[in-house]
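All of the numbers you see were taken from the coordinates with simple rules; none came from a lab. Keep in mind that this is a model prediction, so the values were computed, not measured. Please note: Cβ atoms are built from the backbone with ideal geometry, for glycine as well, and neighbour counts cover all protein chains shown.
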Amino acid sequence: MPVTIIRRLLQSLLVLFVMSLLVFAGVYAIGNPVDILVSPQADQAEIARATAALGLDRPLAAQYWVFLRQAAAGDLGRSFAFNVPAIQLILERMPATLELAIAAMLIAVVLGIPLGLWAGLAPDSIAGRTIMTGSILGFSLPTFWVGLMLIMVFSVWLGWLPSSGRGPTLELLGVPVSFLSREGLAHLLLPAANLALFKLALVIRLTRAGTREALLQDYVRYARAKGLSETRVVGVHVLKNILIPVVTVVGLEFGSLIAFAVVTESVFSWPGMGKLLIESINMLDRPVIVAYLCIVVTLFTVINLAVDLAYSLLDPRVRLSDAAT
Amino acid sequence: MVSPIRFFLLVLLLAFGPALHAADLRIALAADVTSVDPHFANIAPNNNIGWHVFDALTHVDENARLIPGLALSWRAVDGTTWEFKLRRGVKFHDGSDFTAEDAVFSIERAATLPNGQFAGFVRRIVAKQVVDAHTLRLKTAAPYAMVPQDLNSVFIVSRKAAAGAATEDFNSGRAMAGTGPFRFVAFRRGERVDLARNTAYWGGAPAWDKVSLRIMPTDPARLAALLSGDVDLIEQVPPADLARIRTRADLQVAQKVSWRTIFFHLDQYRDRAPGVTDRADRPLERNPFKDARVRLAMSHAINRQAIAERVMEGTAIPASNLVSPPVFGFAPGLKTEAYDPEGAKKLLAAAGYPGGFATVLHAPNNRYVNDDQVAQAVAQMLARVGIAARVETQPISVYLGRARAGEFAFAMLGWGSFSGDLALRALLATPNAAKGAGTWNWSHYSNPKLDALIERSFATIDENRREAIAQEAMTVAMRDNAVIPLHHQLVSWAMKRPLAYAARTDEFTFAHHVRSR
């Protein structure tokens, strides 16, 4: 097992290296950040000064070499636009995004698994059909549109919930979180629901498919024949077996929730990392883009590893053997 | 961690306390504030915050005209010396008195801050002399009329608080001591800036105890925040939503012509302009844009009124100048070119293009109001006189780099300037890096007469004479159709009644100018 973990970490280092190279070349190909950063009133001398100050007057290879040297020392550079370390900029926003993503995942799992089970156990009932139709909507409606509709209905018409922003934060173990206050929760609910919608549909469908398949298996028939109560058959035997694909997908999707909460964050003015990424791309703020992607790649690696570890706990047949990977 | 009792009390307070204090104001801003250091990035969102906390020696009014700020008056002692008489009895938020030393310190900080973008405004000042605590003399190497104008961009910080301070010290609030109408409370990057009233403000204490400026770059989110009552006022209202806001009895709109003028650059330096061909895609012998008749024909082919009314939904006024009407140096004698497709065809025929020609029209698609749609409309209008313009739009981050590299022959640009001569120097003066002229002259338009007028204007100390020269320069450039001016944007704010906002040509959103009627 330790060998597996080490090998994974080495692989992710390689991914980080290739990714940073691509981003460097990509941003360079798009345009010159100085064109956007410098005030329109600036004259040629000012522009030259700003270019030199950001180190952008040097050849791309030299710029990349400087980046690698600093990155090896743990410094991913300073944001062109904000003039603060890129890492600091991202870590400042990370709690907001994590809070949103965890809330969305909780909604998806807590609602999705029971609903999926229900739909799987009674596929032809009205409830089962309604759940499945609803999940199609969850899949197919674009997030930004649903977000705007949620705002329209719950903020503008009904006036129940705030339309945007994050509520007041409190420190929990040194991390600023907003879900501890009523106002914070009110701010969290709409964006979390919006972000959860797609994942909710996914969990429902996975659970339903798994349930239907499991119900036909011998062990379920055997359990029923043994005279076990339906609650025990479903709650223990079926549920445990369908959890493996659900955990995989939830794990992988959690990464994408964090990395791509962009749309929801923009619609709800949620001050998270996704919004920062979009703004940084618009400003060609290369250090922030690179640092963001480094962090996301690392997150994905860690999450995938966690999923694999969770597998081995859920399914005794799966073992993270050093030889098999 | 918060103790359970305090946490409980806080929950109670949040749940049952008053939702909002009566004299609090919440404003949604359309663009991100990257820093609150007033001498770091010269971008409008940062400067907007700066104007709440700081003052400059000179201010501008709603019409973008220069008025006294921390300087009560200024005059040119001789051709190269400006004397500023400073306001007395003004205190910084840190309690220290405002004196000429603070002004000198601020000018020096603007000139030397690493990565700072304000050095250009003070570069021409070669010597600073503190005559007494409230008299400051600034010397330039050559006669230079723009010193008071340039100092409008230099925020005055407290020497006591900001000595040795880096950008981080401003962001954290440690060095954020100005003389402005609001004291700085907190900056949460990407989220909001909180301010509190400066009761001792020299211009009269503002009406609001607390101001919260929220950053909401997404248009629908900003509008929803206003409609749901989360904020009291929003800036940069998208034109498509104005009609809806006007139908609501509880909301109102404030509007004014912006200093931003939209126009088209036309390649006038290359014999073969990129992307310009005949209508069968064969390269042309000559560059048609070099012919003033062709440029005039294109101007006549554009129905500016229709674009302002339809595409811009009433939020633009047709332009004849490169600066908008309230701005210094606007030449009122110039008339908007009439919409005259028949005349345009005749001009094209006279210039040797009876069958028209083909070109690419480049425009950004995320910079100006409805920029891509405006470009489409212009292309269709040009098609009617025989010019087949294919529209290519890009995000501004890609667009600017390509434009600077000279890849465009026919390209849209928007420009906001405090004065006509400044705009002309950047946009139409013969490019000259040593003089800082023609930085944005993508056309490479070059007219010795215009260059001479611009230089004379910059060296003319007398305001009235300078404005006359600036107007003459504008007239020369526009009569020659050096660029094709399209329209001046209108800028809109929407707010809850009974709030009222003194709408500004420079597009800034100032909490201290929001009144509750």
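Okay, here's what the table says:
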quantity: Candidates A:SER256, A:SER312, A:SER269: whichever shows maximal mean-square fluctuation once chain A is modelled as a Gaussian network with Cα springs under 10 Å; calculated: A:SER312
quantity: The range A:111-225: equivalent-ellipsoid semi-axes (sqrt of 5 x gyration tensor eigenvalues, Cα, Å); calculated: 36, 19, 11
quantity: Net lengthening on full extension, B:ALA350/B:THR81 (0.36 nm per residue, minus Cα-Cα); calculated: 91.6 nm
quantity: Residues B:ALA243 and A:VAL175, FRET efficiency given R0 of 41 Å [Cβ-Cβ distance, rounded to 0.05]; calculated: 0.40
quantity: Geometric extent, Cα atoms of chain B - Rg, Dmax (angstrom); calculated: 24.9, 86
quantity: Part-to-part distance (alpha-carbon centres) for the range A:274-308 and the range A:96-119, which is given in Å; calculated: 23
quantity: 10 Å Cβ neighbours from other chains, averaged over peptide A:162-172; calculated: 5
quantity: Extension gain, B:ALA133 back to B:GLU463 (0.36 nm per residue minus Cα-Cα distance, nm); calculated: 116.1 nm
quantity: Net charge of neighbours whose Cβ lies under 12 Å from the Cβ of B:GLU472, counting Lys and Arg as +1 and Asp and Glu as -1; calculated: +3
quantity: Alpha carbon centroid spacing (whole Å) that separates the range A:1-71 from the range B:244-284; calculated: 33
quantity: Value of Rg/Rh across the range B:173-264 [Cα atoms, Kirkwood radius]; calculated: 1.03
quantity: Cβ-based net charge around B:VAL90, under 11 Å, with every Lys or Arg adding one and every Asp or Glu removing one; calculated: 0
quantity: Nitroxide proxy distance, nm - points 7 Å out along Cα→Cβ at B:GLU101 and B:ALA434; calculated: 4.1
quantity: Coarse-grained scattering of the range B:12-143 at q = 0.13, 0.20, 0.22, 0.23 Å⁻¹, given as base-10 log I(q)/I(0) from a Debye sum over alpha-carbon atoms; calculated: -0.68, -1.34, -1.49, -1.54
quantity: Distance (nanometres) between label positions extended 7 Å along Cα→Cβ at A:ILE102 and B:ASP271; calculated: 7.0
quantity: Furthest towards positive pole of dipole, B:ALA477, B:ALA502, B:PRO395, structure part the range B:377-517, Cβ charges; calculated: B:ALA502
quantity: The range B:209-231-the range B:89-139 distance, computed between alpha-carbon centres (Å); calculated: 35
quantity: Estimated FRET transfer efficiency when R0 is 25 angstrom, pair B:ALA31-B:ALA502 (beta carbons, to 0.05); calculated: 0.75
quantity: Options A:SER178, A:THR207, A:GLY251, ranked by Cα towards positive dipole end of chain A, top entry (Cβ charges); calculated: A:THR207
quantity: Å³ per residue enclosed by the Cα convex hull of the range A:1-110; calculated: 166
quantity: Signed unit charges on C-beta, dipole axis of the protein assembly as shown, positive-most listed residue A:GLN88, B:THR81, B:ALA349; calculated: A:GLN88
quantity: Approximate spin-label separation A:ASN282-B:ARG65, in nm, with each point projected 7 Å along Cα-to-Cβ; calculated: 3.5
quantity: Average projection area in nm² (convex hull over Cα atoms of the range B:411-517, one quarter of hull surface); calculated: 9.1
quantity: Partners for A:LYS240 among lysines (Cα-Cα distance below 26 Å; same-chain residues under 8 apart left out); calculated: A:LYS199, A:LYS226
quantity: Stokes-Einstein translational diffusion, the protein assembly as shown - Kirkwood Rh over all Cα pairs, 1.306 mPa s, 10 °C, in µm²/s; calculated: 53
quantity: Mean projected area (nm²) of the alpha-carbon convex hull when the range B:144-183 is viewed from all directions; calculated: 3.7
quantity: Positive minus negative residues near B:TYR201 (Lys, Arg vs Asp, Glu; Cβ under 12 Å); calculated: +3
quantity: Neighbouring partner chain Cβ atoms per residue of B:393-405, average, 10 Å criterion; calculated: 5
quantity: 10 Å Cβ neighbours from other chains, averaged over peptide B:229-241; calculated: 1
